[in-house]
Amino acid sequence: MAAQLIKGAEVSKQIREELTKEIEELKEKHGVTPGLATILVGEDPGSKVYVGQKEKACNNLGIYSVRTDLPADTSEADLLDLVKKLNDDSKIHGILVQLPLPKHIDATRVIYAIEPDKDVDCFHPVNVGKLMIGAGRFLPCTPHGIMELLKRYDIATEGKHVVVVGRSNIVGKPIANLMLQPPPGGNATVTLCHTGTKDLATYTKTADILIVAVGQPKMVTGDMVKEGVVVIDVGVNRIGKTPEGKAILAGDVDFDSVEPKASAITPVPGGVGPMTITMLMKNTVVAAKAS
Ligand code: GUN
């Protein structure tokens, strides 16, 4: 039987409808309009697209949005000054500095400068620490999106073996953490694999739920998974262009060989991707409610 497709694009639409109502209520009952500031430094085309999508999502939902585009040679001091100004701006509830930053800027120092209550990415060490002890106000956007997808597709994580491939600070480490939290967290048994893991397939074959976030197109193949696995593919890799110049995307999972063995799987595009920006909007609303 064909695997169930976990359609993030549809779930994302549903959550945005829920958020629209929450935002209207916040405005009417409390006179608060959620506000998000985005900062883009430099000309990276991918980052430009992502920041544009975030701005558009704000506009569609009625979130006040302030975007600042800075030249690639902006100094770290100037960027830190801007973050400080936004920390002090009461109309702004969330601050997002698009990563990666140019090499001459220390991204850690910039993330540390964001007021933790406005850190809607959940990258600040205070928020990362709160996440680890299950006490966070915010959850990081992509891992939060994954948890929400599983919940809304009624895929239980309790007692399951979750194998995460990839140890990034943005996806791998936080999703492993959310999965091992006691209820209402994932309550799963978690294995975290990375580039230092020997014989990766030994681990991926034992996964009830396999989450892959490595940034390598089609890295996980059908022979590396067991029958009935639930597959969450976080990868969005550009592997070419159509004759019309549109990007051809592939996940980190080889969909064609894995899908026949899976019970459920996220497609690329239209799986995890659309959830990330939606959960950023959610965090901005959470921050505004707490203000
Ligand atoms: N670059 C790639 N993903 C992200 C993200 O989730 N947040 C920020 N700030 N930068 C990114």
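The conditions of being surrounded by 15 or more Cβ atoms within 10 Å (Cβ to Cβ), more than 30 Å from Asn177 (Cα to Cα) and within 14 Å of the ligand (Cβ to nearest atom) are not met by Gly94.
Does segment 113-136 contain at least one residue that is in a helix (DSSP H, G or I) and touching a His at 6+ places or on another chain (Cβ under 6 Å)? Yes - at least one qualifying residue is present in segment 113-136. Among the residues of segment 97-123, the one identified as farther than 19 Å from Met281 by Cβ and under 16 Å from the mean Cα position of the chain (by Cα) is Pro100. Residues in segment 126-147: is at least one in contact with a Gly (Cβ under 8 Å, 6 or more places away or on another chain), open to solvent by 70 Å² or more (accessible area, probe 1.4 Å) and more than 16 Å from the ligand (Cβ to nearest atom)? Yes, that holds for at least one residue.
Restricting segment 169-200 to residues that are open to solvent by 60 Å² or more (accessible area, probe 1.4 Å) and among the hydrophobic types (A, V, I, L, M, F, W, C) leaves a set whose member that is farthest from the ligand (Cβ to nearest atom) is Leu180. Restricted to strands (runs of 3 or more DSSP E) entirely inside segment 201-291, those with at least 1 residues that are out of contact with any helix residue (DSSP H, G or I) (no Cβ under 7 Å at 6 or more places or on another chain), buried (at least 23 other Cβ atoms within 10 Å of the Cβ) and free of Cβ contacts under 8 Å to residues at least 60 places away in the same chain are 209-212, 230-233. With respect to the stated conditions, Val11 is surrounded by 14 or more Cβ atoms within 10 Å (Cβ to Cβ), closer than 30 Å to Ser263 by Cα and touching a Lys or Arg at 6+ places or on another chain (Cβ under 7 Å). The set of residues in segment 18-76 that are within 16 Å of the ligand (Cβ to nearest atom), in a helix (DSSP H, G or I), closer than 19 Å to Asn283 by Cα and in contact (Cβ under 8 Å) with a residue 40 or more places away in the chain comprises Tyr50, Val51, Gln53, Lys54, Ala57, Cys58.
The values are calculated or read from the model by the stated rules, or taken from the named source; none is laboratory data. Keep in mind it's a predicted model, so treat the numbers as computed, not measured. Cβ coordinates were reconstructed from backbone atoms using ideal geometry, including for glycine residues, and neighbour counts include every protein chain displayed. Areas reflect the complete protein model, heavy atoms only, side chains present, ligands, DNA and RNA absent. Shrake-Rupley method; radii C 1.70, N 1.55, O 1.52, S 1.80 Å.
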